[in-house]
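The values are calculated or read from the model by the stated rules, or taken from the named source; none is laboratory data. Just so we're clear, the structure is a prediction, and the values are computed from it rather than from any experiment. For neighbour counting, all protein chains shown are included, and Cβ atoms are generated from backbone atoms with ideal geometry for every residue, glycine included.
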Amino acid sequence: MRLVPPLFSRLICIKNNSNRKTMILPILAYGDTILRKKTKSLSKDYPKLDVLLDNMFETMYAAKGIGLAAPQVGLPVRLFIVNATPFEDDEDLTEAEREFASTFVQVFINAKMVEETGDEWAFNEGCLSIPDIREEVFRQRTITIEYYDEKFVKHKETIDGIVARIVQHEFDHIQGILFTDKLSALKKRLIKGRLADITKGKVEVDYKMRFPKVKKKC
Ligand SMILES: [Zn+2]
């Protein structure tokens with residue numbers, strides 16, 4: 001998920017503690033079949049998970065993202081990361097929400113959505129795989145989710161508001177769902193041409209991407 005523009009400048013980079021060299025990965029654009037693939041669960045012995053996570057965080061921060069899912073970097077596995085910290089200054093949120101978001105940086109492995117409750121509310125979502133398109137998406141306010149963290153410790157958490165929203169968007173990615181799927185038939189029709197342009201790389205973007213209809217240079 002991508003940050004709302006006014007918050008760009010407030011993005012906080014959390015440095016990793018290790019001396020490992022990280023790599024910015026290309027983000028797959030709308031139309032890539034990997035974004036729609038069925039994802040596999042991760043086992044504890046998944047090779048070089050620590051390196052992958054460092055790279056995913058680096059990639060997310062470089063793209064000013066607030067969430068990134070493994071399929072977006074070409075891996076159809078049940079893994080995503082969330083960084084809600086830029087919302088600590090968002091004046092549209094309640095103080096409690098800002099406070100909660102201010103420290104929320106989390107790895108979600110093999111997440112299972114237990115429950116979604118509460119009224120649906122609209123929020124203007126964007127996605128790193130769908131540059132330049134933002135639309136109002138309706139989702140329920142509160143979620144209960146089960147997941148493992150990077151140390152394979154199991155968690156069951158109930159989250160609401162803006163942090164739940166980011167988690168719902170990223171969780172959708174590991175289900176092969178994109179936010180544009182949730183729009184009305186009319187909205188879908190209106191953005192059809194722009195989505196087709198994205199698949200061909202006809203879009204301004206300030207981070208590393210790979211487009212399905214652009215041939216790779218040898
Ligand atoms: Zn997304």
(request) Show the residue pairs that are 6+ apart or on different chains and have beta-carbon atoms under 8 Å apart, the first residue being within the stretch 36-59 and part of a loop (DSSP other than H, G, I, E, B), the second being among the basic types (Lys, Arg) and surrounded by 18 or more Cβ atoms within 10 Å (Cβ to Cβ). (result) Thr39/Arg78; Ser41/Arg78; Leu42/Arg78
(message) Thr117 - would you say it is away from the ligand (no atom under 16 Å from the Cβ), surrounded by 13 or more Cβ atoms within 10 Å (Cβ to Cβ) and of a type in the set (Val, Ile, Thr)?
(response) no
(request) For the stretch 73-93, enumerate the residues that are assigned to a helix (DSSP H, G or I), under 21 Å from Phe179 (Cα atoms) and in contact with an Asp or Glu (Cβ under 9 Å, 6 or more places away or on another chain). (result) Phe87
(message) Between a residue in the stretch 167-178 that is without any contact (Cβ under 8 Å) to a residue 40 or more places away in the chain and charged (D, E, K, R) and any residue that is within 10 Å of the ligand (Cβ to nearest atom) and in a helix (DSSP H, G or I), which pairs come within a Cβ distance under 9 Å, given they are 6 or more apart or on different chains?
(response) Asp172/Phe179
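Rundown of residues vs (1) buried (at least 24 other Cβ atoms within 10 Å of the Cβ); (2) of a type in the set (D, E, K, R); (3) in contact (Cβ under 8 Å) with a residue 24 or more places away in the chain, yes/no style:
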| site | (1), (2), (3) |
| --- | --- |
| Ala63 | no, no, yes |
| Gly67 | yes, no, yes |
| Pro71 | yes, no, yes |
| Gly74 | no, no, yes |
| Val77 | no, no, yes |
| Phe80 | yes, no, yes |
| Thr85 | no, no, yes |
| Asp92 | no, yes, no |
| Arg98 | no, yes, no |
(request) With a cut-off of at least 1 residues that are aromatic (Phe, Trp, Tyr), at negative phi and modelled with pLDDT of 95 or more, name the strands (runs of 3 or more DSSP E) lying wholly within the stretch 100-211. (result) 105-127, 130-148
(message) Can you pull out every residue in the stretch 120-142 that is of a type in the set (Lys, Arg), more than 15 Å from the chain's Cα centre (by Cα) and within 16 Å of the ligand (Cβ to nearest atom)?
(response) Arg139
